[in-house]
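Report on the structure given below.
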Amino acid sequence: MRKLILSILVAQLFWACGSQKTNTSSSEPSVPLADETTYAATITSQELKDHLYTYASDEFEGRETGAPGQKMAVNYIREEYKKLGIKGGMPDGTYFQEVPLEVLDTPEVNLTINGQEFKITDNFISLSSAMDGSLNANEVVFAGYGIEDSNYSDYSQLDVRDKVVLIKSGEPKTENGTYIISGDSTPSKWSNFRQEFASKRDLAKEKGAKCVFYYNPQLYEMAKGRFGSNRRKSMSLKGKSGDMFYFMVNSDLAQAILPEIDQDETAKVIPAKLSLDYKNVSEEFSSENVLAYIPGSEKPNEFIVISAHLDHEGIKDGKVYNGADDDGSGTVAVLEIAEAFQTAVKNGQGPKRSILFLNVTGEEKGLLGSRYYTDFDPVYPLANTVANLNIDMIGRVDPKHDDTDGNYVYLIGSDKLSTELHNISEEVNKKYLNIAFDYTFNDDNDPNRFYYRSDHYNFAKNNIPVIFYFNGTHEDYHQPSDTPDKIRYDLLEKRTRLVFYTAWEIANRPNRIVVDKAE
């Protein structure tokens, strides 16, 4: 296909030169240029397949973050950008952004309250990587549900700076069962288990709390297997642990502080003698994000980020988790989109705005690579980042669409921050492809909460408009059977072209898209 496109461009050039022989005008003759469909045509099912059969092969060992297979993956991506002639996106022109990480084992914690000793896992678990240290206190501040909202606040009469704080799960309701925050029967993020503990943690930290006990008896038994003494070792950004201890506690510990906590909602200060010693147990290492960069021809200081995560699950029980769909499909899609834009550059039609191709690590470990890029080392200013188009699983068909031809894609987030971005996405699709857009997972009340579960979210939380492209889960999701032979390469080609066309439109519009729904 690359040779075909080159032949087309050369033919256009010869046609133009031939026609100029009879042109007696003194003005400079114009060479007819290819349009965006010519560049989209460089995205082919065969090239996607060629990439993916290498990238999702057993040789890459499942690409677990920090493991040898992941190092092979980042080298493969870098070399493909080099072949295309696209320069590295780091300030020195290289391709790797080092992401410092640590593997966390169960911390060593000694905790007594009013002379009673409490044990990690038996009574509490650590939900974050806190700093090593000790803490002594003579009181605990009960902050109710730990919420601050325009319709309700537990903190309005409390000072929790440098204090130990106890909060409970859920959110307040009226006597007739109406949620106070939403004003109807719809719960808010403050009682959604995927967001609740992070939202309440972050608010308490903002208020200056030194230690937080989070009481959620429904989740405790499930969470202690992950975070307790029999925990699977978790991964976090190295050195990014906060200066606040954050624990989920069971009923015994919570009621030792406030016996009526299940019924009590009233914020108050409770006398309690508390002693805490905390020591992290961790192993440090590093991984890499891969950045490649095409500068804009007219607006180089405005950036569109096209992203996909490069990692997967690695090897478990001797079986390679190849991750062909998750997210080999997104990774190879980004490479093909990069080729399409670079072909335009070589033809003198490079994008007006800059394009950053961002292959991030550690998505499977908690969106770590994208979080490092947005929260700690944004190579290109977030204030100048126009949009993020994130691709995570676009090569398969989910059970909902099994009885169709597969001409669909789930879109998530397109209307969350920018009405204009959503409209552009719709118009581009109608103009070029007519893929059926499924917005099921875009619903604020979708129980899967996919909006918060891939790398676009770290951009969205910074008020950068996003679109998350997704084919839904299937029987091979996070299984060793997610292999390249099961990919629908015709669909992968079409969905990849959709992302390219959308990026092309955003990059070349006269004005930056408007953010009209930022929180």
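With the requirement that a residue be in contact (Cβ under 8 Å) with a residue 60 or more places away in the chain and surrounded by fewer than 16 Cβ atoms within 10 Å (Cβ to Cβ), what does the stretch 434-452 give you? Even if it seems obvious, please write down each step before you answer.
First, pick out the residues of the stretch 434-452 that are in contact (Cβ under 8 Å) with a residue 60 or more places away in the chain: 435, 445, 449, 452.
Scanning the stretch 434-452 gives a single hit, Asn445.
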TODO: Could you look through the stretch 474-519, keep only residues that are crowded, with 16+ Cβ neighbours inside 10 Å and aromatic (Phe, Trp, Tyr), and pick out the one that is farthest from Tyr410 (Cα to Cα)?
DONE: Trp504
- [ ] Please find, within the stretch 470-519, the residue that is farthest from Val332 (Cα to Cα) out of those that are assigned to a loop (DSSP other than H, G, I, E, B), at pLDDT 95 or above and acidic (Asp, Glu).
- [x] Asp516
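Looking only at residues that are part of a helix (DSSP H, G or I) and without any contact (Cβ under 8 Å) to a residue 60 or more places away in the chain in the stretch 41-70, which one is farthest from Leu356 (Cα to Cα)? Lay out the reasoning, then the answer.
Taking the stretch 41-70 as the starting set, the residues that turn out to be part of a helix (DSSP H, G or I) are 45-55, 58-63, 68-70.
Next cut, without any contact (Cβ under 8 Å) to a residue 60 or more places away in the chain only: 50, 54, 59, 68.
Numbers: Asp50: 23, Thr54: 24, Glu59: 28, Pro68: 26 Å.
Top of the filtered list is Glu59.
Hey, any hits in the stretch 433-444 for a residue that's part of a helix (DSSP H, G or I) and out of contact with any helix residue (DSSP H, G or I) (no Cβ under 6 Å at 6 or more places or on another chain)? Before you say what the answer is, go through the steps one by one.
At the first step, the residues of the stretch 433-444 found to be part of a helix (DSSP H, G or I) are 440-442.
Imposing the further condition that a residue be out of contact with any helix residue (DSSP H, G or I) (no Cβ under 6 Å at 6 or more places or on another chain) reduces the set to 440, 442.
For the stretch 433-444, residues part of a helix (DSSP H, G or I) and out of contact with any helix residue (DSSP H, G or I) (no Cβ under 6 Å at 6 or more places or on another chain): present.
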Open item on the list: Give me the residue from the stretch 112-125 that is surrounded by 14 or more Cβ atoms within 10 Å (Cβ to Cβ) and touching a helix residue (DSSP H, G or I) at 6+ places or on another chain (Cβ under 8 Å) and, out of that set, nearest to Val140 (Cα to Cα).
Closed with: Ile113
Task: Number of the condition not met by Val109 [criteria: (1) in the same structural domain as Ala56 (by TED's automatic domain parsing); (2) in contact (Cβ under 8 Å) with a residue 60 or more places away in the chain] - done: (1)
Open item on the list: Of all residues being more than 25 Å from Met131 (Cβ to Cβ) and buried (at least 20 other Cβ atoms within 10 Å of the Cβ) in the stretch 268-295, which is farthest from the chain's Cα centre (by Cα)? Just the residue, please.
Closed with: Ile294
Task: Odd one out for Val514, checked against (1) touching a residue at least 12 places away in the same chain (Cβ under 8 Å); (2) assigned by TED's automatic domain parsing to the domain that holds Asp58 - done: (2)
- [ ] Inspect all residues belonging to the stretch 296-311 and state whether any of them is without any contact (Cβ under 8 Å) to a residue 60 or more places away in the chain, at negative phi and among the polar types (S, T, N, Q).
- [x] yes
Open item on the list: Can you find a residue that is more than 19 Å from Lys83 (Cα to Cα), among the basic types (Lys, Arg), at pLDDT below 95 and in contact with a strand residue (DSSP E or B) (Cβ under 9 Å, 6 or more places away or on another chain) anywhere in the stretch 346-365?
Closed with: yes
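Here's the yes/no breakdown for (1) of a type outside the set (S, T, N, Q); (2) at pLDDT below 90; (3) buried (at least 21 other Cβ atoms within 10 Å of the Cβ):
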residue: Asn151; (1), (2), (3): no, no, no
residue: Ile167; (1), (2), (3): yes, no, yes
residue: Gly170; (1), (2), (3): yes, no, no
residue: Phe193; (1), (2), (3): yes, yes, no
residue: Ala198; (1), (2), (3): yes, yes, no
residue: Ala209; (1), (2), (3): yes, no, yes
residue: Phe227; (1), (2), (3): yes, yes, yes
residue: Arg231; (1), (2), (3): yes, yes, no
Open item on the list: I'd like to check which strands (runs of 3 or more DSSP E) are fully inside the stretch 84-153 and have at least 2 residues that are among the acidic types (Asp, Glu).
Closed with: 96-113
Open item on the list: So, in the stretch 27-46, exactly how many residues are surrounded by fewer than 16 Cβ atoms within 10 Å (Cβ to Cβ) and modelled with pLDDT of 90 or more?
Closed with: 3
- [ ] List the number of the failed condition for Lys238; all other conditions in (1) at pLDDT 95 or above; (2) assigned by TED's automatic domain parsing to the domain that holds Ile125 hold.
- [x] (1)
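Just wondering, is there one or more residues in the stretch 82-105 that are among the basic types (Lys, Arg) and either touching a residue at least 60 places away in the same chain (Cβ under 8 Å) or touching a strand residue (DSSP E or B) at 6+ places or on another chain (Cβ under 7 Å) (or both)?
Keep residues of the stretch 82-105 that are among the basic types (Lys, Arg), which gives 82-83, 87.
Next cut, either touching a residue at least 60 places away in the same chain (Cβ under 8 Å) or touching a strand residue (DSSP E or B) at 6+ places or on another chain (Cβ under 7 Å) (or both) only: 87.
Yes, because at least one residue in the stretch 82-105 is among the basic types (Lys, Arg) and either touching a residue at least 60 places away in the same chain (Cβ under 8 Å) or touching a strand residue (DSSP E or B) at 6+ places or on another chain (Cβ under 7 Å) (or both).
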Task: Filtered residue count, the stretch 278-308, keeping only those that are in contact with an Asp or Glu (Cβ under 7 Å, 6 or more places away or on another chain) and either aliphatic (A, V, I, L, M) or part of a loop (DSSP other than H, G, I, E, B) (or both) - done: 3
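The values are calculated or read from the model by the stated rules, or taken from the named source; none is laboratory data. Since we're looking at a predicted model, the values are computed, not measured. Neighbour counts are summed over all protein chains in view; Cβ atoms, including those assigned to glycine, are modelled from backbone coordinates with ideal geometry.
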